[in-house]
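> Got a structure here, written out as structure tokens. Questions coming.
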Amino acid sequence: MVNIFDAMKIAGFIADMKSRNFSTYGQWIGITLVFLCIALGISNLFHVNAVIAFGIIAIVQGIVLAFVEIPVLLKIFRVPDWFVNIIQKLDDNWMRVAFYALMAVIQWLSIIPMVTSLICLAILFTINALFYGIAGLTHQEFHDSKVVSSYDNNEVPADAQIRDVI
């Protein structure tokens, strides 16, 4: 049975897909990449060659992507100020193009020692860079998904208050 909160999230997702804003599409692919990076990174730790290093890098990429695509995590977890500043600089389509292109290049390099499932990450990082690039070229403003960031930053309690509650 779907409760009203879940129905609102589903409706918000559908509204995001109908928005024709490529930065919103990029954010949803980025959220998917969080889980894929961690899962595929772990599954590639069982190789006996240099793929292990790329598996570890994929896990780290997944963790960083979680903070990039789900900004409320910066309020929940204690992270250094320099990290928060870097993540906040990525609130622009062109900065995200560069970020995802760099991530894609790293995972494309993973096919040098051996072609593994990490190629899926390379392809999705490339597609995501293209989505943010299309949003930049068509002058669409950077847009967070209403489902993921459905909070007003002024209404969110301070970092310490959130950590005390948790």
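Values quoted throughout were computed directly from the atomic coordinates according to the rules given, and no laboratory measurement underlies them. Just so you know, these numbers come straight off a predicted model, no measurement behind them.
> Pull out a ≥ b ≥ c, the square roots of the eigenvalues of the alpha-carbon gyration tensor of the range 25-144, then state rounded if a/c is under 1.5, prolate if not and a/b is larger than b/c, and oblate in the remaining case.
Since a/c reaches 1.5 but b/c is at least a/b, the shape of the range 25-144 is classed as oblate.
> Suppose the chain between Leu137 and His47 were pulled fully straight at 0.36 nm per residue; how much longer would it get relative to their current alpha carbon spacing?
Length gained between Leu137 and His47: 28.4 nm.
> Based on the alpha-carbon set only, what is the convex hull volume of the range 66-112 divided per residue, in Å³?
87
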